[in-house]
Amino acid sequence: NNNVRYLVIEAGPAAAYIANKYLSTGDESLLKFSIYYFSELEFWKALRVFNEEKNPTDKIMVLGFDFDWIEVYSYVIKDILVAKPEYKEDTNRIIKNLIDQLNNKTTDKNISGLNLRLEELINLKDSAFINDISSNLITLSLMAGNKVPLTAQITRDKETYKNITQSIKHFTRGNFFAQYGISHVNKTRTSLTTLLHKSPE
């Protein structure tokens, strides 16, 4: 009723990709990645029913501007990126390198390095590759540019805030509803809420 078309979760863009994939497919195995989903399973089921009854412009899309963890990150990279003969040599080299790294017991600490490779991949401007991933380009770009640290400190909120203000121009179908824990909505100190409240955007 308030024209909310985007649900912002306290998680990263890879986690949001998985939530959106669940909403479109109904595959509950996707929700195994986090207690975040399982603890609110009835909500996600209800949101899927809501979306199924709406036309494309009225569906709720899930967004994540916080940090990701490696299991979710790895799943999304492997789900989207596939080397193909029609891609440039450098494109396939980076894709294979990313997949190899993710298969080699990489950890949350390695995500920032992986993001540099992902950014390099996007910047190659390989038209065949860009065309294939067009529906996921925003997700990959959000992942590549995500510098939110794995911490509860104010630097996390500041980076999350940057991700939000740099990215909301891509999402213009309606209003946003954000769901965050109490430390991020504390008005007595600098937090995500106070940063957003002061923002002219």
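Solvent-accessible area of the stretch 81-158 (1.4 angstrom probe, protein heavy atoms only): carbon and sulfur portion equals 50 percent.
With protein chains left intact and a 1.4 Å probe, residues in the chain average 55 Å² of accessible area per residue.
If the stretch 58-173 were replaced by its equivalent ellipsoid, with semi-axes equal to the square roots of 5 times the Cα gyration tensor eigenvalues, what would those be, largest first, whole Å?
Working: eigenvalues 116, 71, 28 Å².
That gives 24, 19, 12 Å for the three semi-axes.
Placing one equal scatterer on every Cα of the chain and applying the Debye formula, the log10 ratio I(q)/I(0) at q = 0.18 Å⁻¹ is -1.37. The magnitude of the dipole of the stretch 51-171, with charges of +1 and -1 set on the Cβ of Lys/Arg and Asp/Glu and taken from the Cα centre, is near 300 debye.
Taking the Cβ of Phe129 as the centre, find all other residues whose Cβ is under 15 Å away and add up their charges (Lys, Arg: +1; Asp, Glu: -1). The partial results should precede the final answer.
Numbers: positive: Lys84, Lys88, Arg93, Lys96, Arg117, Lys125; negative: Glu86, Glu89, Asp90, Glu119, Glu120, Asp126, Asp132.
Combined, the nearby Lys, Arg, Asp and Glu give -1.
Separation of the stretch 1-54 and the stretch 87-124 by C-alpha centroid, Å? Each part's Cα centre sits 27 Å from the other's. Relative contact order of the chain: 29 percent, from C-alpha pairs under 8 Å at least 6 residues apart in sequence. Backbone geometry of the stretch 133-145 corresponds, through the Karplus equation with coefficients 6.51, -1.76 and 1.60 at θ = phi - 60°, to 3J(HN,Hα) couplings of 9, 3, 6, 10, 4, 5, 4, 5, 5, 5, 5, 5, x Hz, x marking Gly and Pro. Put a dot 7 Å past the Cα of Thr190, heading toward its Cβ, do the same for Ser167, and the two dots end up 2.2 nm apart. Rounded to the nearest 20 debye, the dipole size of the stretch 124-165 about its Cα centre is 200 debye, using +1 on the Cβ of Lys and Arg and -1 on the Cβ of Asp and Glu.
Placing a label point 7 Å from the Cα of Ser135 along the Cα-to-Cβ direction, the residues of the stretch 9-29 whose backbone N falls under 20 Å from that point are 13-29. Angle check, please: helix 70-80 long axis (alpha carbons) against the longest principal axis of the chain (alpha carbons), in degrees 0 to 90, nearest 10. Taking the Cα atoms of the chain, the angle to 70-80 is about 60 degrees.
DSSP loop trypsin sites (Lys or Arg not before Pro) in the stretch 127-176 with at most 16 other Cβ atoms within 10 Å of their Cβ, which ones?
Working: sites: Lys147, Arg156, Lys158, Lys162, Lys169, Arg173; in loops: Lys147, Arg173.
Taking the stretch 127-176 and a limit of 16 other Cβ atoms within 10 Å, the loop trypsin sites (Lys or Arg not before Pro) found are Lys147, Arg173.
Express in nm, to one decimal, how much length is gained between Leu41 and Asp79 on full extension, taking 0.36 nm for each residue of separation and deducting their alpha carbon distance. Net length gain for the segment: 11.4 nm. Remark: the stretch 177-190, residue by residue, has Karplus-estimated 3J(HN,Hα) of 10, 10, 10, 9, x, 4, 5, 8, 10, 8, 7, 8, 8, 5 Hz, where x stands for each Gly or Pro and the curve is 6.51 cos²θ - 1.76 cosθ + 1.60 at θ = phi - 60°. Think of the chain as a dipole: +1 on every Lys or Arg Cβ, -1 on every Asp or Glu Cβ, centred on the Cα centre; then among Ser183, Tyr87, Val8, Ser183 lies furthest on the positive end.
Can you sort His197, His170 by solvent-accessible area, 1.4 Å probe, largest first? Please list the in-between numbers first.
On the way: His197 160, His170 95 Å².
Greatest to least solvent exposure: His197, His170.
Within the stretch 35-104, which GluC sites (Glu not before Pro) sit in a loop by DSSP and count at most 14 neighbouring Cβ atoms inside 10 Å?
Details: sites: Glu40, Glu42, Glu52, Glu53, Glu71, Glu86, Glu89; in loops: Glu40, Glu53, Glu86.
Passing sites in the stretch 35-104 are Glu53, Glu86.
Modelled spin-label separation between Ala128 and Thr107, with each label point placed 7 Å from Cα along the Cα-to-Cβ direction: 3.9 nm.
The values are calculated or read from the model by the stated rules, or taken from the named source; none is laboratory data. Computed from a prediction, not measured in an experiment: that's the story for all the values here. All Cβ positions, even for glycine, are placed from backbone atoms using ideal geometry, and neighbour counts span all protein chains on display. Remember, those area values only see protein heavy atoms, side chains included, never the ligands or the DNA or RNA. Shrake-Rupley method; radii C 1.70, N 1.55, O 1.52, S 1.80 Å.
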